[in-house]
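This report concerns only the one structure given below.
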Amino acid sequence: MDRRALHAALVEARIPDGYYRIEGVHEPVPTPPDFLFVRRGDSGGWETGAFERGTYEVLAHHPDEAAACAHLLGLLV
């Protein structure tokens, strides 16, 4: 699963737009106060985590996009 397929799955599952941010695919404006995210990591790989009170907290590091997308899907569905 890539980021676009993840977004399609979340839309199909009727997860509200403000609950998540998918780098380069789904970036709600204005930025919600709290949400889960998937993004490229600074040192390679991918990260999933939570944004709360203006702070990003990485919950897990993943070797590839597919693993990160599967993790975020599991957190939201």
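Would you call R14 among the basic types (K, R) and in contact with a Phe, Trp or Tyr (Cβ under 9 Å, 6 or more places away or on another chain)?
It is false that R14 is among the basic types (K, R) and in contact with a Phe, Trp or Tyr (Cβ under 9 Å, 6 or more places away or on another chain).
Name the residue that is farthest from E52 (Cα to Cα), counting only residues in the range 5-30 that are β-branched (V, I, T) and in contact with a helix residue (DSSP H, G or I) (Cβ under 9 Å, 6 or more places away or on another chain). Spell out the reasoning first.
Residues of the range 5-30 β-branched (V, I, T): 11, 15, 22, 25, 29.
Pick out the ones that are also in contact with a helix residue (DSSP H, G or I) (Cβ under 9 Å, 6 or more places away or on another chain) and you get 11, 15, 22, 25.
Details: V11: 22, I15: 18, I22: 16, V25: 20 Å.
Filtering the range 5-30 for residues that are β-branched (V, I, T) and in contact with a helix residue (DSSP H, G or I) (Cβ under 9 Å, 6 or more places away or on another chain), the one farthest from E52 (Cα to Cα) comes out as V11.
Within the range 58-76, track down each residue that is farther than 16 Å from R4 by Cα, open to solvent by 30 Å² or more (accessible area, probe 1.4 Å) and of a type in the set (A, V, I, L, M, F, W, C).
Selection gives V58, L59, L75.
The values are calculated or read from the model by the stated rules, or taken from the named source; none is laboratory data. Please read all numbers here as calculations on a predicted model, not as lab measurements. So basically every Cβ, Gly included, is an ideal-geometry build from the backbone, and we count neighbours across all protein chains shown. Just so you know, the surface numbers come from the protein's heavy atoms only, side chains and all, with ligands and any DNA or RNA stripped out. Shrake-Rupley method; radii C 1.70, N 1.55, O 1.52, S 1.80 Å.
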